[in-house]
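Below is one structure, written out as structure tokens; the observations come after it.
The values are calculated or read from the model by the stated rules, or taken from the named source; none is laboratory data. What you see is a predicted model, and the numbers here were worked out from it, not measured in a lab. Ideal geometry is used to build each Cβ from the backbone, glycine not excepted, and the neighbour counts take in all protein chains shown.
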Amino acid sequence: MNFENPSVQHEAEQDMHCFLKTYKGGAVFDELQRVPDIFRYLQEILDKNRARGQFILTGSNNFLLHEQVSQSLAGRAGYLSLLPLSYAELKDAKLATDDLHSLMIAGGYPEIWNEHLSPGTWLKSYIETYVQRDVRLIRNISNLAAFTRFIQLCANHAGQILNRDAMAKLAGVDGKTVVAWLGVLESSYIIYLLQPWHNNLNKRLIRSPKLYFYDTGLLCFLLGIKTPAALKKQPNYGALFENWVITEVKKNNYNAGQNNGMYYFRDNTGNEIDLILERDSEAMAIEVKAATKTEASMLRGLQFWKKYQPGSQCMLLYGGKKSEAISDTMHVLPWMEVANL
């Protein structure tokens with residue numbers, strides 16, 4: 001049952017108790033944040049019947065949904081986050097193309113793939129709806145035009161180390177507003193912040209996170225990139241490719257029930273690894289390069305990492321199509337292999 005439908009929402013709000021009697025056997029309720037009173041009634045139902053899986057509650061507004069569940073259904077609900085489709089999922093569904101740039105522009109929102117829609121047309125409507133509807137529900141942001149510009153600013157900083165003070169200056173707002181707006185974008189799964197790797201081996205490590213978008217289709221749309229040809233010509237293409245790879249790994253983690261264990265490494269002398277992936281208490285180092293041909297210099301960061309973790313697995317994932325084993329613990333992999341990470 002979808003509460004986006006005004007008549008359904010009205011029926012529920014008129015007599016919630018009577019409305020829920022229709023679904024004694026359970027139900028799937030979508031856009032549940034539109035009828036916040038329902039959570040108190042669901043609490044009563046679940047207190048009387050502790051059977052699992054009676055109701056599936058979904059909504060586009062993650063922040064408000066989580067808030068209501070935490071207040072009324074604490075201990076009675078489990079959470080499942082659904083990110084945009086991954087490359088691995090598209091491959092399994094036989095939808096994925098072998099054109100990397102087309103994949104990056106299309107992104108992973110299911111409706112685009114399911115209905116064979118133009119990414120630009122769908123994403124334009126999505127961002128307008130997101131700003132005009134969801135953001136108003138998440139936070140009382142009065143200046144939506146400024147917030148929209150801030151989203152654009154984030155797109156221009158994708159793949160970069162986050163500098164909140166610099167972003168505040170560019171956005172024309174104070175630092176507290178930047179923190180609040182970043183929180184809104186994170187809670188609604190537009191962006192995420194990749195935290196730096198910390199350990200006791202080197203106290204000169206960078207402490208700020210890096211900013212990435214959950215969907216490169218949305219990222220490309222915000223940057224005005226509409227075609228694979230235009231994407232390849234972008235001066236910041238390396239950062240966009242990096243965003244795609246790291247986000248694909250993040251989706252794979254989510255789909256495998258592993259929501260943690262992703263970091264980046266950088267010290268104050270410029271030594272950097274794009275992704276440190278923790279699996280089974282082991283740290284794997286992954287360097288990401290957009291070039292279609294490999295060069296020895298691309299392994300410099302991984303070789304530096306070996307000084308810290310000599311036995312760890314290291315890999316260079318690049319924009320080409322050939323694999324190569326440099327050693328037992330150092331491998332070069334083509335971009336398609338991201339589906340297996």
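What residue, among those in the stretch 307-319 that are modelled with pLDDT under 90 and not in a loop (DSSP other than H, G, I, E, B), is surrounded by the fewest Cβ atoms within 10 Å (Cβ to Cβ)? My answer is LYS307.
On the stretch given as the stretch 95-110, residues that are of a type in the set (Ser, Thr, Tyr) and assigned to a helix (DSSP H, G or I) total 1.
Which one of LEU80, LEU85, LEU95 is closer than 18 Å to ASN253 by Cα and surrounded by fewer than 19 Cβ atoms within 10 Å (Cβ to Cβ)? Talk me through it step by step, then tell me what you get.
Numbers: LEU85 fails: surrounded by fewer than 19 Cβ atoms within 10 Å (Cβ to Cβ); LEU95 fails: closer than 18 Å to ASN253 by Cα.
The match here is LEU80.
Annotation: TRP113 fulfils all but one of (1) at pLDDT below 80; (2) part of a helix (DSSP H, G or I); the unmet one is (1). LEU85 fulfils the conditions (1) closer than 27 Å to LYS233 by Cβ; (2) at pLDDT below 95; (3) assigned to a loop (DSSP other than H, G, I, E, B) except for a single criterion, (2). Among the residues of the stretch 273-294, those identified as among the hydrophobic types (A, V, I, L, M, F, W, C) and more than 15 Å from LEU240 (Cα to Cα) are ILE273, ILE276, LEU277, ALA283, MET284, ALA285, ILE286. Starting from residues that are part of a strand (DSSP E or B) and among the β-branched types (Val, Ile, Thr), keep the ones in the stretch 267-290 and report whichever is nearest to MET315 (Cα to Cα). So the residue we want is ILE286. Of all residues in the stretch 291-319, those that are in the same structural domain as ASP274 (by TED's automatic domain parsing) have Cβ atoms under 6 Å from Cβ atoms of residues that are among the basic types (Lys, Arg), 6 or more apart or on another chain, in MET298/LYS289; TYR318/LYS289.
Residue-by-condition table, conditions (1) surrounded by fewer than 18 Cβ atoms within 10 Å (Cβ to Cβ); (2) in contact (Cβ under 8 Å) with a residue 40 or more places away in the chain; (3) touching a Gly at 6+ places or on another chain (Cβ under 8 Å):
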| site | (1), (2), (3) |
| --- | --- |
| ASN163 | yes, yes, no |
| ALA166 | yes, no, no |
| ALA171 | no, no, no |
| ILE190 | no, yes, no |
| ARG207 | yes, no, no |
| ASP215 | no, yes, yes |
| PHE241 | no, yes, yes |
| ILE246 | no, yes, no |
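Of all residue pairs spaced 6 or more apart or on separate chains, those with beta-carbon atoms under 7 Å, a first member in the stretch 22-41 that is in a helix (DSSP H, G or I) and a second member that is surrounded by 13 or more Cβ atoms within 10 Å (Cβ to Cβ) and of a type in the set (Gly, Ala, Ser) are LEU32/GLY59; GLN33/GLY59; ILE38/ALA12; PHE39/SER72; ARG40/SER72.
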